[in-house]
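Okay, structure first, notes after.
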Number of protein chains: 2
Amino acid sequence: MNRPDDIVREMLEGMALAFPDIIRLDSQWNNVYRRYRKPGNRVALVCGGGSGHEPAQAGYVGYGMLDAVAAGHVFTAPPAPQVLAAINEVANDVGVFVIITNYTGDVMNFGIAIKMASAKGVKLDYIIVNDDVSISDISKRRGTTITILINKIAGAAAEEGWSLEEVKRVAQKVLDNGRDIGVALTPCILPTTGKPTFELAYDEIEFGIGVHGEAGVKRMKYIQSRELAKIMVDAIADDLKLQKGDEVALVVQGTGGTPYMEKFVFYRDVRMYVESLGLKVFTSWIGEFFTSLDMQGARVAILRLDDELKRLLVAPAYTIAIRTPGIVVS
Amino acid sequence: MNRPDDIVREMLEGMALAFPDIIRLDSQWNNVYRRYRKPGNRVALVCGGGSGHEPAQAGYVGYGMLDAVAAGHVFTAPPAPQVLAAINEVANDVGVFVIITNYTGDVMNFGIAIKMASAKGVKLDYIIVNDDVSISDISKRRGTTITILINKIAGAAAEEGWSLEEVKRVAQKVLDNGRDIGVALTPCILPTTGKPTFELAYDEIEFGIGVHGEAGVKRMKYIQSRELAKIMVDAIADDLKLQKGDEVALVVQGTGGTPYMEKFVFYRDVRMYVESLGLKVFTSWIGEFFTSLDMQGARVAILRLDDELKRLLVAPAYTIAIRTPGIVVS
């Protein structure tokens, strides 16, 4: 990098230089908008949060997904005026749907922005995503990978011209049927301090991590990939009460610094275990979707599908990180 | 992972489980073939080498690129009988074109396989890729990212029905006009030993690395992204004698463990410096293309283009890692 303070802006500049046909960067804020706006009679989708989770969220701006993203500094919620600017940029008569991850700063700043926009007459609704199954208190669960699946599915619905109420209904359905869990093999290193976010011995796994380099819910010794796959899938399957015969989408991802070789080995183990439970894998995403800087580790997310979710999940999208149809590797 | 000895097989199984419509895995060897064969009157392309460079090379099997890949163990050339099996699988009347990276083991084992196939009457030709500009002795230069651009461009030519001689001509043109250079911020850790391949202080950069965790040609203190971009681009531009007004393709990639945030910041700096030299960027690839396990670092490759190369570079491809048209992010 260059100056740590410039890292978010320079990253967004890199994305805009590479993909000028998909996004444009707001030079006043670190906000990213679609290069070509959606018709005004479609619900607009706004997301955002701290940076360091790339390709989340700027990588999901584009046809079939998001309209605007407010990118905060590394692991820091964007301030309310920045979120408000993003909302105002895409506001229209049919409504704005705001997708918020369940972290104190995001919930507060996005909440203030929503209140301010509402007071000015902007029609909007929102969802707070809390899909991280490692925390038993549901109100404290963090927003992780299911955020991206909501971006995809609610984005496809909005692109088709659904009402604000219907976009919210399908987003809620994704949240009700989707869960995520993560592990770290290394901490991540903050660009501002150059320091790791926690200490971990070479042969230890941090289980149940968030996406900000927080320590997880427990620490364990190295186990084999297939044993780890079983524990992680079981945690999700129990919470979602998955039944034999259920159709699911699988997301298996690294956490920013995980090599492809390990991602594909782990995907194999997750997939084989999921199928051994009698679940049917409709589609898979393998890659990097909601990361934690350079952390080595893995996240697994499972979404239970019905015909409506299946159709919207594979509907066309054209963003930096996700382009469907077809299985996604990023 | 599970057992280190199984890592390559299990990774390939994961790829085949995720993308059964693109590839199939040969159960006798760790060879990967297209699920659906190309017509018999088209030149077939064979590549391969040690594993640990994912998505290279199995990620490039499919329409518009490779027909067969022989995947060796981690950083180890596949044995000659395995390469021979890959050649025989796709051999046809118009010929087989073999793409070999310039490492002793690969050159030897692929060479033996080519001689054995030739002796049995298989029509074939080959290229040895030596694009790594960090070594001044051209015969010793290693095969890195330009291999992937040859897979893409020669693959598009073969898909269109070019003769073996013409496929070789265009592959040689890519090699003559393309160069690569890499740096490491960390070594990589071998799955077999759990040990790093070299020692590097936290504030040091290893300059001019290969793709197997070899030490580079020199060691330097941390510098800013934009200074590093200048040094790396200059090394390539000097060697290729790039001129103001030349059109180029840019490949900016991580080395397996590099987060997206840093890749996009570095892409920005490379792109801005390349444009400051008066070069025109026709297209860019940003992501992970020819990696070194979990190493943190970056590689830059530049290919000088003419109309023929431009057309073949953006011609349709459908593989696990590269799907064109459009700018590629992987």
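The values are calculated or read from the model by the stated rules, or taken from the named source; none is laboratory data. Keep in mind it's a predicted model, so treat the numbers as computed, not measured. Here Cβ is always computed from backbone atoms with ideal geometry, including for glycine, and neighbour counts include all displayed protein chains. These area figures cover heavy atoms from the full protein model, side chains too; ligands, DNA and RNA do not enter into them. Shrake-Rupley method; radii C 1.70, N 1.55, O 1.52, S 1.80 Å.
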_Lone qualifier among A:Arg268, A:Arg323 - being within 22 Å of A:Glu206 (Cα to Cα) and not β-branched (Val, Ile, Thr)_ = A:Arg268
*Considering B:Asp203, B:Asp180, B:Asp176, which residue is open to solvent by 10 Å² or more (accessible area, probe 1.4 Å) and either out of contact with any strand residue (DSSP E or B) (no Cβ under 7 Å at 6 or more places or on another chain) or closer than 15 Å to B:Ala298 by Cβ (or both)?*
B:Asp176
_Members of the stretch A:187-206 found to be out of contact with any Ser or Thr (no Cβ under 7 Å at 6 or more places or on another chain) and of a type in the set (A, V, I, L, M, F, W, C), listed by number_ = A:Ile189, A:Phe198, A:Ala201, A:Ile205
*Kindly indicate the residue of the stretch A:182-195 that is of a type outside the set (Ser, Thr, Tyr) and within 11 Å of chain B (Cβ to nearest Cβ) and also nearest to the chain's Cα centre (by Cα) among those meeting that condition.*
A:Cys188
*Within the stretch A:127-165, how many residues are touching a residue at least 40 places away in the same chain (Cβ under 8 Å) and assigned to a strand (DSSP E or B)?*
3
*Restricting the stretch A:213-237 to residues that are over 27 Å from B:Glu13 (Cα atoms) and either open to solvent by 40 Å² or more (accessible area, probe 1.4 Å) or assigned by TED's automatic domain parsing to the domain that holds A:Ala56 (or both), the residue that is nearest to the chain's Cα centre (by Cα)*: A:Glu214
*When the residues of the stretch B:196-211 are filtered to those that are in a loop (DSSP other than H, G, I, E, B) and more than 19 Å from the chain's Cα centre (by Cα), which remaining residue is modelled with the lowest pLDDT?*
B:Tyr202
_Count - residues of the stretch A:171-195 that are at positive phi and either in contact with a Lys or Arg (Cβ under 9 Å, 6 or more places away or on another chain) or in a strand (DSSP E or B) (or both)_ = 0
*Given the structure, is A:Ile128 of a type in the set (A, V, I, L, M, F, W, C) and surrounded by 24 or more Cβ atoms within 10 Å (Cβ to Cβ)?*
no
*Could you list, in sequence order, all residues of the stretch A:93-111 that are β-branched (Val, Ile, Thr) and in contact with a Ser or Thr (Cβ under 8 Å, 6 or more places away or on another chain)?*
A:Val94, A:Ile99, A:Thr101
_Restricting to the stretch B:252-268, count the residues that are more than 19 Å from the chain's Cα centre (by Cα) and more than 7 Å from every other protein chain (Cβ to nearest Cβ)._
1
_Evaluation of A:Asn88 against (1) within 14 Å of another protein chain (Cβ to nearest Cβ); (2) open to solvent by 50 Å² or more (accessible area, probe 1.4 Å); (3) in a helix (DSSP H, G or I) (one fails), failing number_ = (1)
*Write out, first by first residue and then by second, each pair whose Cβ atoms fall under 6 Å of each other, whose residues are 6+ apart or on separate chains, and whose first residue, in the stretch B:198-209, is within 16 Å of B:Asp294 (Cα to Cα) while the second is assigned to a loop (DSSP other than H, G, I, E, B).*
B:Phe198/B:Pro187; B:Phe198/B:Ala215; B:Leu200/B:Pro187; B:Glu206/B:Leu200; B:Glu206/B:Gly216; B:Ile209/B:Gly216
*Of everything in the stretch B:21-35 that's under 23 Å from B:Asn88 (Cβ atoms) and in a loop (DSSP other than H, G, I, E, B), which residue is nearest to the other protein chains (Cβ to nearest Cβ)?*
B:Ile22
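Residues checked against (1) assigned to a strand (DSSP E or B); (2) buried (at least 24 other Cβ atoms within 10 Å of the Cβ); (3) aliphatic (A, V, I, L, M):
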{"residue": "B:Asn2", "(1), (2), (3)": "no, no, no"}
{"residue": "B:Arg9", "(1), (2), (3)": "no, no, no"}
{"residue": "B:Ala16", "(1), (2), (3)": "no, no, yes"}
{"residue": "B:Arg37", "(1), (2), (3)": "no, no, no"}
{"residue": "B:Leu45", "(1), (2), (3)": "yes, yes, yes"}
{"residue": "B:Gly50", "(1), (2), (3)": "yes, no, no"}
{"residue": "B:His53", "(1), (2), (3)": "no, yes, no"}
*Return yes or no: is B:Ser139 modelled with pLDDT under 95 and hydroxyl-bearing (Ser, Thr, Tyr)?*
yes
*State whether the residues of the stretch B:58-68 include one that is over 18 Å from the mean Cα position of the chain (by Cα) and at negative phi.*
no
_Single residue of B:Ala44, B:Ala56 found to be within 11 Å of chain A (Cβ to nearest Cβ) and small (Gly, Ala, Ser)_ = B:Ala56
*Does A:Val74 meet the test of being surrounded by fewer than 24 Cβ atoms within 10 Å (Cβ to Cβ), closer than 23 Å to A:Asp294 by Cα, under 17 Å from the mean Cα position of the chain (by Cα) and not basic (Lys, Arg)?*
yes
